[in-house]
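Read the structure below first, then the notes.
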Amino acid sequence: MDVVSFIKENKIVAISRRVKPEKMVDTARALSAGGIRLLEITFDQSSATCISDTASAISAVKKELGDRICVGAGTVLTVEQAEAAHSAGADFALSPDTNVAVIEAVKNLGMVSVPGAFTSSEILTAWDAGADIVKLFPAGILGMPYMKAIRGPISHVPLMAVGGVDENNVSSFLAGGFCSCGIGSNLVRNDLIAAGDFQQLTDIAAVFVKAAMQKQGE
């Protein structure tokens, strides 16, 4: 699988935060049923067991869903976490920051690198370090005027919008030049997961997928 092309083609990365490992497979199945093909399973930095928990969740989803969903590790802040993600079978790694050591480790491990950036300097630092896509974060606060200003001198770097993306603005972000969008609590609803309401999770996923495809006139 060409992961970078797969991200650009499928647009929506569902971001799961603090979902219990034992709930992750059912969550992934529900999102997949709604058309989601990209899933980010984050490291919970506040948890002492975040490395083992996230690695376990990634492994379980990869085993159960195979190529039906492309799995990334999220909030990858250290080389150790990048290594754990790779060992678990992650296809890509996302971070909230621009950490050159982590970017280089992710690339050396053969994964796609999606570090986070806020400024033009951070975007170019990440890109020059080997990032495949740069995550503009938080995109909702920065807004489209910032995106357009950035795009003037930095038109060659593919950007993913993360933070504040919802079903009402996702098409605007995609139409405005972002190659993809990462969506957390607006899509991966922990209250629904805790309640076992996976059908509603599927329905929400379908709404986002439809909105993303509308950008392309489909």
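The values are calculated or read from the model by the stated rules, or taken from the named source; none is laboratory data. Keep in mind that this is a model prediction, so the values were computed, not measured. Cβ placement follows ideal geometry from the backbone for every residue including glycine, while neighbour counts extend to all protein chains displayed.
Suppose we filter VAL188, VAL207 for residues that are crowded, with 21+ Cβ neighbours inside 10 Å and either touching a residue at least 12 places away in the same chain (Cβ under 8 Å) or in contact with an Asp or Glu (Cβ under 6 Å, 6 or more places away or on another chain) (or both); which single one remains?
VAL188
Only one of (1) in contact (Cβ under 8 Å) with a residue 24 or more places away in the chain; (2) in a helix (DSSP H, G or I) fails for ALA101. Which number is that?
(1) is the only condition that ALA101 fails.
Counting just the residues of the stretch 15-53 that are of a type in the set (Val, Ile, Thr) and under 21 Å from GLY163 (Cα atoms), which one comes out nearest to the chain's Cα centre (by Cα)?
ILE15
Give all pairs with beta carbons closer than 6 Å in which a residue from the stretch 7-31 that is outside any helix (DSSP H, G or I) meets a residue that is hydroxyl-bearing (Ser, Thr, Tyr); count only pairs at least 6 apart in sequence or on separate chains.
LYS11/SER180; ARG17/THR42; VAL19/THR27
Confirm whether GLY89 is modelled with pLDDT under 95 and surrounded by fewer than 18 Cβ atoms within 10 Å (Cβ to Cβ).
Criteria not met by GLY89.
For the stretch 92-121, give me each residue that is touching a Pro at 6+ places or on another chain (Cβ under 6 Å) and surrounded by fewer than 24 Cβ atoms within 10 Å (Cβ to Cβ).
Matches in the stretch 92-121: THR98 only.
Identify, from the list ASP132, ASP128, ASP166, ASP97, the residue that is of a type in the set (D, E, K, R) and under 21 Å from PHE208 (Cα atoms).
Within the list ASP132, ASP128, ASP166, ASP97, the selection yields ASP166.
Each row is one residue, and each column tells you yes or no for (1) modelled with pLDDT under 95; (2) among the charged types (D, E, K, R); (3) surrounded by 15 or more Cβ atoms within 10 Å (Cβ to Cβ).
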| site | (1), (2), (3) |
| --- | --- |
| ASP26 | no, yes, yes |
| SER32 | no, no, yes |
| GLU40 | no, yes, yes |
| SER47 | yes, no, no |
| ALA55 | no, no, yes |
| ILE58 | no, no, yes |
| GLY66 | yes, no, no |
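Select from the stretch 132-162 the residues that are hydrophobic (A, V, I, L, M, F, W, C) and over 18 Å from ILE15 (Cβ atoms) and write down the one among them that is nearest to the chain's Cα centre (by Cα).
Filtering the stretch 132-162 for residues that are hydrophobic (A, V, I, L, M, F, W, C) and over 18 Å from ILE15 (Cβ atoms), the one nearest to the chain's Cα centre (by Cα) comes out as VAL157.
Residue-wise test of (1) touching a strand residue (DSSP E or B) at 6+ places or on another chain (Cβ under 6 Å); (2) among the charged types (D, E, K, R); (3) within 30 Å of GLU22 (Cβ to Cβ).
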site: VAL162; (1), (2), (3): yes, no, yes
site: GLY177; (1), (2), (3): no, no, no
site: SER180; (1), (2), (3): yes, no, yes
site: GLY184; (1), (2), (3): yes, no, yes
site: LEU187; (1), (2), (3): yes, no, yes
site: ASN190; (1), (2), (3): no, no, yes
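Filter the stretch 75-100 down to the residues that are within 13 Å of VAL114 (Cα to Cα) and either under 15 Å from the mean Cα position of the chain (by Cα) or among the small types (Gly, Ala, Ser) (or both) and list them by number.
Within the stretch 75-100, THR75, VAL76, LEU77, ALA82, ALA90, ASP91, PHE92, ALA93, LEU94, SER95, PRO96, ASP97 meet the criteria.
So which residues in the stretch 32-44 are farther than 15 Å from ALA55 by Cα, touching a Lys or Arg at 6+ places or on another chain (Cβ under 9 Å) and either among the hydrophobic types (A, V, I, L, M, F, W, C) or not in a helix (DSSP H, G or I) (or both)?
Hits for the stretch 32-44 are GLY35, ARG37, LEU38.
Write out, first by first residue and then by second, each pair whose Cβ atoms fall under 9 Å of each other, whose residues are 6+ apart or on separate chains, and whose first residue, in the stretch 119-130, is acidic (Asp, Glu) while the second is buried (at least 18 other Cβ atoms within 10 Å of the Cβ).
GLU122/THR98; GLU122/PRO115; GLU122/GLY116; GLU122/VAL134
Note down all Cβ pairs under 8 Å where the first residue falls in the stretch 76-89 and is in contact (Cβ under 8 Å) with a residue 60 or more places away in the chain, the second is part of a helix (DSSP H, G or I), and they're at least six residues apart or on different chains.
none
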